[in-house]
Amino acid sequence: MAARIAPLTKRKAWKALQAHYKKVRGLHLRKLFAEDPKRGERMTAKAAGIFLDYSKNRITDDTLALLLQLAKESGLRERIDAMFRGEKINITENRAVLHVALRAPRETSIVVDGENVVPHVHAVIEKMADFSNRVRSGVWKGHTGKRIRNVVNIGIGGSDLGPVMAYEALKHYSDRAMTFRFVSNIDGTDFAEAIRDLDPAETLLIVSSKTFTTLETMTNAHTARAWSLKGLGGDENSVAKHFVAVSTNAAEASKFGIDTANMFGFWDWVGGRYSMDSAIGLSTMLAIGPDQFRAMLDGFHQMDEHFREAPFERNLPVLMGLLTVWYNNFFGAQTVAVLPYEQYLKRFPAYLQQLTMESNGKHVTLDGTEVDYPTGPIYWGEPGTNGQHSFYQLIHQGTRLIPSDFIAFYKPLHPLGRHHDLLLANVFAQTEALAFGKTAEQVKTEGTPDWLVPHRVLEGNRPSNTILAERLTPETLGKLVALYEHCVFTQGTVWNIDSFDQWGVELGKTLAQRIIPELESKAAPNLGHDSSTNNLIRSYRKFKEAL
Ligand code: G6Q
C-alpha cells in the first residue's frame, strides 16, 4: 500500500499547503476571530462525549480543507481500515497493530493469521477479572494465610508507564485499603523505596514484561523474588502465591517459578506503548475492579469507533493529528505541550511522551528512504495551574511557537468550595491570553511607562486546543488515551513512517550488555571503546575497588 502513496513533499496537497502557508502565516488570531464572530462555535467538534475546540489555531477554512486533502492523499482512510482489519502494518517487525482489538466487543471478529483474536482477548479479561475479584475480596491468600494488601507492578516502558498513569489517573476509583507501587528503574533505589514499608506476607508482585527478558524488569523481578522469599522463610512454594506474570512468554515466566495458572497473556500485535488496556493493566484492574476496567475499555472502544467511522472533518484524532503536522512541518514548531487541568492526570504527559515520541521519532519512511521533513515533535507538559507559575512564561513571551493542548473537565472529582471555578477560569484565561495577547496600545493605556511597554506586550497568536469532557472517569480516560493513540496514527500516516517499531532503543541495550562484564569482571578488562567510554569505565572500576 505504501508504494502507491507519493512521497510527502510531492503530494499535491502538500505543495498547496506550502503556498497557502506563505499567505496565512502572518494572520493573527485576533483578526480571524474578529472577522468571524462564530469561529469559536464553528471550529469545534464533539465525539464520544469529548469536546474539542480547535478555533484558537492559526488556520482558516482553506487550511483545514488542504490538511484534510493531505490526509486523503496520504491514504489515511485505507490505513485506518488496514489497521482495523489486522493487516501487518508494522512492516519492520511484520506485525499487525491491533490495540483496537483489546477493547473490541465480544461479538466482533478481527482475524490475524486466519484466527479471530477477539475471543482470546475476552478470555484474558475474564481471567484477570476472576483473579482481581479473588485478590480484592481477600479470597486469594498469601503464603502465610494473610490477605494481599499491597500490589507491586514490576515493568518498564510500555509495561510501566501505562499502569502508573492509569493508577494515578483513576486513584479516585481505587480501593484505598490497598497499596499500589510501581518499580521500573534498574537503579536499586526504585525497588528499595517501593518495598521499604511493605510486609512480604501481604504483598503481590506482578512481573509485567511482554518479552520476559528485559534487563531492568528481570533484575528487579529477581531482587523482588529474593526479598519475598526472605520475608516468607525461604519456602520456594511461596512464589506461586506472591508472584504473577503478565507476558507473551509463558516459558520464561514458568522458569521464574510463576504458576502457569497465574499468567496473563497478550500477543505480539500489542505494542508495549499501546498495552495499558491489555493484561499489562492488571494492576489497574486490581486497583479499580473489573467493572471500572471494563468501563475504561468501553471508553477506548467508543473513540476507536469514532476514529474509524467519522468523516475526517469531524474526526477528533484526525483533526488533532493534522494540526500537529501543520505546526510541525510548516511553522517549524518542535514541541507540543500537553497541559491537563486535573491533578489526577499528573502522569499523563509522561505517558504521552512514550506514546508519541517512541511512535513517531523516526527518520526514514516505510520504504527506508530518509525523510526530508521533520517527523514527531517533542511532547511535554505538566498539570495546570502549576505550570502557569513556571514554564508558561516561555509559551507566552518566548521566541518559540508551542502549540498546546489544554485538557479539563466540567465536573470536579472533589467539589471543594470555589476550587473548580477557579481552575476552569484559568484554563479559559490561558487559551485567551495565548491567542489574543496584549497589544502595546493596551499596555500603554494602563499607564505603563514607555520603556516598560515592550516587556509587557504579549504578542498572542499562540495556538491551542481545548479538550473538555464531563468528568475524569475510567471511561473518559479510555477515550482520552485512544484520542492520542489515533492522533499519533494520523501523524505517522502523513509522514509515511512506521509508528509501531522502536529500533532506536536497541543499540543502547546491546552496548550495555557489552559493558556490564567490563564493570563486573575481577581482572581489568581489555577495553576497546572510544577513549571517553574507556576512561569512564576505568574511573567507575576505581571507585568500585575502593569500596
Ligand atoms: C514500547 C516499547 C518498550 C517496552 C519496554 C518493556 O512500545 O516496546 O517501552 O514496553 O521495553 O518491554 P517488555 O514488556 O518486553 O519488558
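The values are calculated or read from the model by the stated rules, or taken from the named source; none is laboratory data. What you are looking at is a predicted structure, and each value in this text was computed from that prediction instead of being measured. Every residue, glycine as well, gets a Cβ built from its backbone with ideal geometry; the counts of neighbours run over all protein chains shown.
Selection of first residues in the range 180-204 that are in a helix (DSSP H, G or I) and of second residues that are hydroxyl-bearing (Ser, Thr, Tyr), restricted to Cβ pairs under 6 Å at least 6 apart or on distinct chains, gives the following pairs, ordered by first then second residue: PHE191/THR223; PRO200/SER228; ALA201/THR144.
The combined condition, being more than 16 Å from the ligand (Cβ to nearest atom) and crowded, with 22+ Cβ neighbours inside 10 Å, is fulfilled by LEU204. Is there a residue in the range 93-107 that is among the basic types (Lys, Arg), touching a Phe, Trp or Tyr at 6+ places or on another chain (Cβ under 7 Å) and touching a residue at least 24 places away in the same chain (Cβ under 8 Å)? Checking the range 93-107: at least one residue is among the basic types (Lys, Arg), touching a Phe, Trp or Tyr at 6+ places or on another chain (Cβ under 7 Å) and touching a residue at least 24 places away in the same chain (Cβ under 8 Å). For the range 38-88, the set of residues classified as surrounded by fewer than 19 Cβ atoms within 10 Å (Cβ to Cβ), of a type in the set (Ser, Thr, Tyr) and under 13 Å from TRP326 (Cβ atoms) consists of THR60 only. Take the conditions of a type in the set (Asp, Glu) and either within 16 Å of the ligand (Cβ to nearest atom) or within 20 Å of LEU480 (Cβ to Cβ) (or both) and apply them to ASP259. Does it pass? No. Figure legend. Inter-residue proximity from the range 156-169: first residues without any contact (Cβ under 8 Å) to a residue 60 or more places away in the chain and away from the ligand (no atom under 13 Å from the Cβ), second residues assigned to a helix (DSSP H, G or I) and not basic (Lys, Arg), beta-carbon distance below 6 Å, spacing 6+ or different chains. No pairs are indicated.
Taking the conditions (1) farther than 22 Å from LYS346 by Cα; (2) modelled with pLDDT of 95 or more; (3) exposed (fewer than 15 other Cβ atoms within 10 Å of the Cβ); (4) among the acidic types (Asp, Glu) in turn, GLU193 satisfies each one other than (1).
Restricting attention to the range 353-373, which residues are out of contact with any Gly (no Cβ under 8 Å at 6 or more places or on another chain) and surrounded by fewer than 22 Cβ atoms within 10 Å (Cβ to Cβ)? Across the range 353-373, the qualifying residues are GLN353, HIS363, VAL364, THR365, LEU366, ASP367, GLY368, THR369, GLU370, VAL371, ASP372, TYR373.
Among the helices (runs of 4 or more DSSP H) confined to the range 1-83, the ones with at least 3 residues that are in contact with a helix residue (DSSP H, G or I) (Cβ under 6 Å, 6 or more places away or on another chain) are located at 12-24, 29-35, 61-73.
Among the residues of the range 263-320, the ones that are of a type in the set (Val, Ile, Thr) and within 30 Å of SER55 (Cα to Cα) come to 1 in all.
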